[in-house]
Amino acid sequence: MTEEKTVGKELSEKLSYESKSASKLFSKEEKEAAFAFAEPYKRFLDASKTEREAVKTTLKMAKDHGYEEFSYEKTYRPGDKIYSINRGKAIILAQIGKKSLEEGVGIIASHIDSPRIDLKPNPLVETDQIAYLKTHYYGGIKKYQWPTVPLALHGVVVLASGEVKEICIGEEESDPLFYITDLLPHLAQDQMTKKASEVISGERLNILVGSLPLEEDIEAKDAVKLNVLRLLNEKYGMVEEDFLSAELTLVPAMKARDIGLDRSLIGAYGHDDRVCAFPSLAAMLETENPAYTSVLVLTDKEEIGSSGNTGLNTNYLYDFLCELCKDVNPRKALQNSWCLSADVNACYDPTFAEVYDKRNSSLLNHGLVITKYTGARGKSGTSDASAEFVGKIRKLLNENHVAWQIGELGKVDQGGGGTVAQYIAKLNIDVVDLGVPVLSMHSPFEAISKLDLYSTYKGCLAFFQRV
Ligand code: MN
Ligand code: MN
């Protein structure tokens, strides 16, 4: 009896698979390193709430590490570091490897746009002596989560002259904030019987922007709206027509903060997908003289399907790679390339256990998550990574002692989603999704684990430093 039990235990250890918590795998030093790594990440988040801001922050870091603007005319040698910016909203970094480009390139792609509340093209209205900005939300949000949350206004306005004005209001302690109202519970009897998708409709996501009339003429028509226009004109030189050529967006004004008494988690707006963009960027900047040419793409528009010329369902990455391969066969380079589509996955949440298949979900603190396929309704709209390629990445991570796990996006037919992986696959490149499990994804304040963030950094580092 005793002997059988031992045999069973031994066999189980040899044959069975369970992902292990990084809290058990990590040494004390590694845990300290993970906590230290979280600090610059939080600063990156606070400085990079839109794709434009993330490009600027990234560019500064890249320049500090010796990256120079890519020029087609120049010939690059191993170790050379270059960058290329696409319309201020996406950025590619590359470091030339020792091997020929035809042996393939190591690419990591993350996105730097996040769900948010965009202004309509003609947003400013006055209703009952209150001025509002009308909005059209960007990306997949649960609309009821966004009222009564402190919001900041970010973006650019192009004036009639063509001059571009940058706007950022609500991030400094002394700044005013913006706000979407909700109904008090006392009068919400009808509202509370509605479906969650209808509790707050898209047309009710109105931003409160002013309530006092123009001092000089309080009886003027739309005096409150006029007062808002006057304030904008004084500060930015803009007039109402300038809204038509603007990209203005409302994002949560909260800063990234530690969560939990043990400070093991980080709460912030926009972890998806800066929680992959930052560790992949850190890994890129840490890498010197790689064997394979390393490429990092921080892209825009993932949250609305990667369309638009700053998203990856267009040619800009392909064009960059072709220009980089001007002296070799780019097709050969592409077909030998490896890519990590670094994006988040849904972290298993015991509070909502019913939507997950636990054994196929990513668990908090169990390290980075590899997602073989995303998609919906029978894997539609995904790049289902091959067993061979997952095998190569598995081997790479294990050899480098990276904490990792495998995960699906919830139960079959519970919903679904996609990433940029399918657009990389379209270039005839091997690609798999890899990233950080996120709690409350797409909400105004998402949560991730510091150990998972650090594991993703270690995974990206192993990928770029592959020999
Ligand atoms: Mn994402
Ligand atoms: Mn997303």
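The values are calculated or read from the model by the stated rules, or taken from the named source; none is laboratory data. All values reported here derive from a predicted model rather than from experimental measurement. Counting neighbours? That spans all protein chains shown, and the Cβs are built from the backbone with ideal geometry, glycine included. Calculation scope for accessible area: heavy atoms of the full protein, side chains included, ligands and nucleic acids excluded. Shrake-Rupley method; radii C 1.70, N 1.55, O 1.52, S 1.80 Å.
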(request) Quick one: work out the % antiparallel among DSSP beta bridges in the chain, nearest 5. (result) 70 percent
(message) I'd like to check one number: the per residue accessible area of the stretch 286-363, probe 1.4 Å, reported in Å² as a whole number.
(response) 41 Å²
(request) Anything over 20 Å Cα to Cα? Flag those among LYS89/LYS379; LYS392/LYS458; LYS42/LYS450; LYS379/LYS426, in the order listed. (result) LYS89/LYS379
(message) How are the alpha carbon pair distances in the chain distributed across 10 Å bins from zero to the largest one, expressed in percent?
(response) 4, 19, 28, 24, 15, 7, 2, 1, 0, 0
(request) Only helices at least 15 Å long along their axis, Cα-based, and averaging -0.5 or more on Kyte-Doolittle count here, so list those DSSP H runs from the chain. (result) 223-236, 271-286, 387-399, 450-464
(request) Skip the ligands, DNA and RNA, and give the accessible area per residue of the stretch 44-127 with a 1.4 Å probe, whole Å². (result) 40 Å²
(request) Quote the relative contact order of the stretch 117-252 in percent (integer), defining contacts as alpha-carbon pairs under 8 Å separated by 6+ residues. (result) 38 percent
(request) Would you please give the FRET efficiency between ALA188 and LYS165, computed as 1/(1 + (r/R0)^6) with r the Cβ-Cβ distance and R0 = 35 Å, to the nearest 0.05? (result) 0.35
(request) May I ask for the percentage of alpha-carbon pairs in the stretch 117-252 that lie more than 22 Å from each other? (result) 41 percent
(request) Excluding residues on the same chain fewer than 8 positions from LYS120, give the aspartates and glutamates whose Cα lies under 14 Å from its Cα. (result) GLU203, GLU240, GLU241, ASP242, GLU247
(message) Given the C-alpha atoms of the stretch 179-240, compute the convex hull and give its volume per residue in Å³.
(response) 131 Å³
(message) Could you order the peptides 223-236, 187-200, 378-391 from most to least packed, using the average number of other C-beta atoms within 10 Å per residue?
(response) 223-236, 378-391, 187-200
(request) First obtain the Kirkwood hydrodynamic radius of the stretch 205-301 from its Cα pairs, then insert it into the Stokes-Einstein equation at 25 °C and 0.890 mPa s, and state the resulting D in µm² per second as a whole number. (result) 133 µm²/s
(message) How large a share of the accessible area of the chain, in percent, is made up of carbon and sulfur atoms when the probe is 1.4 Å and the other protein chains stay in place?
(response) 51 percent
(message) Under a Cβ-only charge scheme (Lys and Arg +1, Asp and Glu -1), can you give me the dipole magnitude of the chain about the Cα centre, in debye to the nearest 20?
(response) 1520 debye
(message) Tell me which of GLY162, HIS136, PRO123 sits at the most positive position along the dipole axis of the chain, charges placed on C-beta atoms (Lys, Arg +1; Asp, Glu -1).
(response) HIS136
